[in-house]
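Please read the structure below before turning to the comments.
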Amino acid sequence: MLKAFKKAIAELFEDIKDPSIFFSFEPEAASIYYNTEINNYKDVIDSDCGFILCDLGGGTADIITQKKVMINKKIHFEELYHPMGGPYGSQKINDEFIEKVIKKLFDEECIENLKKNEYLEWIKFENEVELFKKSYNFTLIENDFKYYSINCGIFQGYYKKNQNIKIENLVNNFNKNCPENWKIRIKKRWNIEFPYNIIDDLMEELLEGIVNYINEIKNKVKIKSLIFSGGASLNPIIVSKIQKKTSFELNYILSHNPETAISMGSVKYICDRNIISIRKAKFTLGSGMSKEWNEKLHKNGGKQRFDIFNKKLYCDNLFDKFITKDEDIPSNKIIQKIYFMDSPSIIIDLYKTEKENVTFYDEKENGKNVTQKIGEFTIEVRDGFDQFKNKVSVDMKIGGTFIEISAIYEKTGKKVNANFDCLKIKK
């Protein structure tokens with residue numbers, strides 16, 4: 001199944017030159033839906049202040065900061081702060097429970113053995129963990145329910161066969177080494193009761209990154225409202241914790257149709273891709289470039305290459321910046337570049353970095369690369385290439401959710417083949 005998935009993704013990127021294919025960011029799609037289709041939001045989301053949309057999903061949490069503006073009597077959105085996305089989805093709580101509780105309670109070899117030989121039973125156990133997490137709600141807190149029972153019988157066979165260790169011994173050993181409020185107890189045989197304190201603590205850890213980012217926005221942008229979207233926003237405790245930990249007053253809005261808003265907004269985005277009129281650059285972007293060697297500028301980190309044809313020395317690893325982090329990018333922004341081709345087909349690598357300025361695309365800081373390759377584009381002159389007239393003018397449209405490349409071979413004034421590819425997925 002994984003191979004088939006990778007193949008499908010690879011085929012999608014191979015077809016990306018088709019102008020009918022493009023992407024919509026999930027929180028942007030939700031924002032479009034709420035702000036153009038739902039009347040309830042018009043009173044709290046206006047053109048005077050920005051708003052945050054926090055899309056809390058199962059795998060990730062994605063956050064955007066926008067401002068609603070009117071352009072030619074139509075609603076558009078301007079991004080006020082670079083977006084954030086990361087492994088803060090509610091599934092992370094499940095993963096951390098397995099990692100910090102189950103792997104400490106039971107032998108890791110036992111768990112790997114179950115995953116390999118009794119995969120369906122393991123999936124059932126993971127579903128029990130999901131139910132444990134979902135059952136943690138305000139009703140339980142108010143009625144002083146502190147434990148949730150999970151049948152851990154799938155581990156019994158391993159311990160009986162391999163070590164003949166009793167469940168009491170496993171529980172006692174876990175309780176000796178766990179935090180005081182994480183102590184577990186046996187309900188009956190291999191049914192174990194886990195305290196809800198575990199889920200509460202894991203939620204706190206999960207939400208720390210989200211809350212820190214929201215508070216960071218508050219210090220730089222005027223914000224009036226925070227909208228919660230995504231399936232995990234249906235969990236009242238997650239929402240309540242974010243509200244309590246954000247250190248400024250907001251209109252907190254629980255969204256309509258949080259699980260379907262993205263798909264509905266995506267349809268709206270199809271009709272008008274310019275509805276997001278300005279995005280903030282999350283990274284500094286640039287391409288690899290060669291330039292005639294300058295001893296003063298290139299001696300610390302530059303890679304030399306002697307060009308036999310031109311009889312000149314070049315620096316081969318320069319970073320040619322065309323977008324700076326946090327720069328406003330209009331939806332129709334076009335970057336124009338000139339390239340000189342030494343063959344009928346050349347490949348230009350594209351890089352991103354968190355730093356505002358980089359000299360070389362392979363720079364390192366504390367032993368780690370400061371740039372990351374995000375893709376490449378190919379320019380190909382199929383007919384009439386002349387090595388003495390090798391100038392190509394390239395337009396990169398970067399204001400949308402995908403980079404569109406077009407190129408003109410200046411000798412003929414005609415468009416030539418120019419395709420952008422994300423890093424190829426290994427099949």
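Read the figures in this text as sums done on the coordinates, not as results from a lab. Note that the structure is predicted; figures quoted are calculated from it, not measured. In this analysis, Cβ positions are derived from the backbone assuming ideal geometry, glycine residues included, and neighbour counts consider all displayed protein chains.
A few notes on this one:
- The residue 332 and residue 254 beta-carbon pair, evaluated with R₀ = 30 Å, returns a calculated FRET efficiency of approximately 0.30.
- Selected from 155, 132, 120, residue furthest toward positive end of dipole (segment 91-201; charges at beta carbon): 155
- Here 116, 103 are placed in order of increasing Cβ neighbour count within 10 Å, fewest first, which gives 116, 103.
- Placing unit charges on each Cβ (+1 for Lys and Arg, -1 for Asp and Glu) gives segment 231-385 a dipole about its Cα centre, and among 243, 257, 306 the Cα reaching farthest toward its positive end belongs to 243.
- Residues 221, 358 arranged by fewest to most Cβ contacts within 10 Å: 221, 358
- Cut-off 12 Å, label 7 Å out along Cα→Cβ of residue 109, residues of segment 146-169 by amide N: 159, 162-164
- For segment 173-226, the alpha carbon positions stretch 56, 21, 12 Å along the principal axes, listed from largest to smallest.
- Selection of GluC sites (Glu not before Pro), segment 155-263, meeting DSSP coil and at most 16 other Cβ within 10 Å: 249, 259
- Restricting the calculation to Cα atoms, segment 163-299 shows an Rg/Rh of 1.20 when the hydrodynamic-style radius is the Kirkwood one.
- With N the number of residues in segment 91-201, Rg(Cα) / (2.2 N^0.38 Å) evaluates to 1.04.
- Long pairs among 337/391; 312/415; 68/352; 321/355; 337/411, criterion Cα-Cα beyond 20 Å: 312/415; 68/352
- Alpha-carbon centroid distance for the pair segment 351-397 / segment 315-339, whole angstrom: 10 Å
- Rounded if a/c under 1.5, otherwise prolate or oblate - segment 235-299, Cα gyration tensor axes: oblate
- Between the labelled values [x] 5, 20, 27, 24, 15, 5, 2, 1, 0; [y] 4, 16, 22, 21, 18, 12, 5, 2, 0; [z] 5, 23, 34, 27, 10, 2, 0, the entry that holds P(r) over Cα pairs in 10 Å bins from 0, in percent as derived from this structure is [y].
- Helical content alone sets the calculated 222 nm signal of the chain at -9000 deg cm²/dmol, taking -39,500 (n - 2.57) per DSSP H segment of four or more residues and averaging over every residue.
- Sorted by Cβ density within 10 Å, fewest first, the residues 201, 326: 326, 201
- Prolate/oblate/rounded call for segment 281-422, Cα gyration tensor, a/c under 1.5 rounded: oblate
- Rough spin-label spacing in nm, given labels placed 7 Å along Cα→Cβ, for residue 273 and residue 299: 4.7 nm
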